[in-house]
Amino acid sequence: MALCGQAAGAASLPSELIVHIFSFLPAPDRLRASASCSHWRECLFYPALWPQLRICLRVSPAEQPRLEFLMRKCGWFVRELRVEFAAENYLSGGGGPGDGGGSGGGTDTGTGGEEGEALQLSSRWLEVLRIYLELVLCVLLSIRNNRVSGCPGTHFVDQAGLELRNPPATASQVLGSKVNLQKFSLFGDISVVQQQGSLSSTYLSKVDPDGKKIKQIQQLFEEILSNSRQLKWLSCGFMLEIVTPASLPSLSNTIANSMEHLSLLDNSIPGNSTLITAVELERFVNLRSLALDFCDFTSEMARVLTDSNHVPLQRLSLLVHNASVILKSLDNMPNDEHWKALSRKSSSLRVYLMVFDVKSEDMLKILKPSIPLERVHFDSYVTCVSGAIVDLISRQYDKFLTHFILMNDMIDTSGFPDLSDNRNEDPLVLLAWRCTKLTLLAIHGYTVWAHNLIAIARLRGSDLKVLEVTEESIDFDQGELADQDADPVHNLIEQVSLGLGQPWHAVLDIESLSVFTEPNRHFYREMQSFSEDI
């Protein structure tokens, strides 16, 4: 067969047709198809094919050339960019403090062995932070070159009219163009939380002793914001010293007025700086979803959001960290009247709380009755959640609560805490009974009695879409264990499955669920979908 006197084949198809074919393929298939020949590869990075780019990568040397290539190709025209950074698990296999170093030889048991282990950990994390800073710089430099389609240097020309040309790289061309980015999300959970604080913050001064690289990153971020012309969504979570109090003032009033989502979540161990003030928030009149450190969300901010010139806020995600509570205090938080005013302003307002190691007495101050609390995630390493707090949540938020996550990672040889101790009814069973909208329940590190788990499944039935309980959290009554005619584990699986109306098993491998192993990442992703689902 011949086409215009030449042999027909994949390489001879017009660029417009190849791009049209690519538009029907998911990203992995698109990448595979582009390997067929150089002509198809040239068409792969046509801007219309990549309006959205989501990158999840580990902070390791192998990722750097891949990220540089991808950002060089797509960074200058992508409209929605989400990048997640996470450190490799350098502490696995006994590399962490207090881990004992595994089953190696027993000759290094003294202080020298501990010092050597700490030194090894130090060198690993210095390398992680160095690579992390380079990767963040790579992303920000490429986004700084992001421009509206049609700016000089962004056209496609060959005989078919579609060959990608490199964008201009001079400062005058970059600063004179309009940034095309509409949705920008960065997540960087690379901290290792220990009793003395965050290793990332501790070692940052060693990687960047004069602060030049951090300053460059902060200036690039501010430059991107100041040059933005279409930005509607800005989200930065746990990014190491990228966002500063000077970042948001870089946005023009026009962009601030049109912003629909704003997320400014501090490091894993928050500092005492406030990333946004109530005065700055007054510019964001079109904000529909907001995510902040709880101690940054003041009564004055609540008042600003209830002003008549602001559109009703529909999603509010708040990170409550014990370190932040200590450094910033709860004195300026909204009272119950402020929450009532917010709910009157927006009947569809829903709140998501992520709580790290907060004491019960502080939680009693935080949990105002009028908060429209839809999701709550407790993560404990030092302070366990009490049965009284779970009971309070089930009573106050029974009309709203859909997601409840209870995670405890404390090392206690006496066993997991039992929320039902000294109580007539188990608080988790009461939660399932009262909260009729509950669709997700996840528990690790708290004792869940088998008969209570069966009761929860029966109470909520098929409406409870997700029930994740780790195997080590489940306990059985002595009577159940003594019954030799029945296997208690098999009976539990059978009864819970019948109650839920679907097959159910306890979580055998905790590492398989990010909700238990990567709480920061889980919260950030859930917060994103929570905010998008308006």
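The values are calculated or read from the model by the stated rules, or taken from the named source; none is laboratory data. On a predicted model such as this, the values are computed, not experimentally measured, just so you know. Quick reminder, even Gly has a Cβ in these numbers, built from the backbone with ideal geometry, and neighbours come from all protein chains shown. Accessible surface areas use protein heavy atoms only, side chains included; no ligands, DNA or RNA. Shrake-Rupley method; radii C 1.70, N 1.55, O 1.52, S 1.80 Å.
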Task: Highest to lowest packing among 522-529, 416-423, 329-336, scored as the average C-beta count within 10 Å - done: 522-529, 416-423, 329-336
Open item on the list: From the phi angles alone, apply the Karplus equation (6.51, -1.76, 1.60; θ = phi - 60°) to segment 487-502 and give each ³J(HN,Hα) in whole Hz, x where the residue is Gly or Pro.
Closed with: 8, x, 5, 4, 5, 4, 4, 5, 5, 5, 4, 5, x, 7, x, 7
Task: Cβ-defined net charge surrounding residue 401, 9 Å radius [Lys, Arg +1; Asp, Glu -1] - done: +2
TODO: Sort 124-137, 47-60 for me by packing, meaning the mean count of neighbouring Cβ atoms within 10 Å per residue, highest on top.
DONE: 124-137, 47-60
Task: residue 423-residue 11 FRET efficiency (beta carbon distance; Förster radius 56 Å; 0.05 resolution) - done: 0.15
Open item on the list: What lysines does residue 206 reach when the alpha-carbon gap must be under 26 Å and sequence neighbours fewer than 8 apart in one chain are set aside?
Closed with: 215
Open item on the list: My understanding is that a pair violates if its Cα-Cα distance is over 18 Å; which of 340/368; 328/359; 345/365; 340/365; 399/437; 328/365 do that in this structure?
Closed with: 345/365
Open item on the list: Per-residue counts of other Cβ atoms within 10 Å, averaged by peptide: what ranking do you get for 291-302, 431-442, highest first?
Closed with: 291-302, 431-442
TODO: Enter the accessible area of residue 337 (Å², nearest 10), with the probe set to 1.4 Å and all protein chains included.
DONE: 110 Å²
Open item on the list: Test of understanding: extend the Cα→C-beta vector of residue 335 to 7 Å, then name every residue of segment 361-398 with backbone N under 17 Å from that spot.
Closed with: 365-371
TODO: Can you check what the net charge comes to around residue 436, using other residues whose Cβ is under 9 Å from the Cβ of residue 436 (Lys, Arg +1; Asp, Glu -1)?
DONE: +2
Open item on the list: Please report the carbon-and-sulfur percent of the accessible area for segment 386-425; probe 1.4 Å, protein heavy atoms only, DNA, RNA and ligands left out.
Closed with: 45 percent
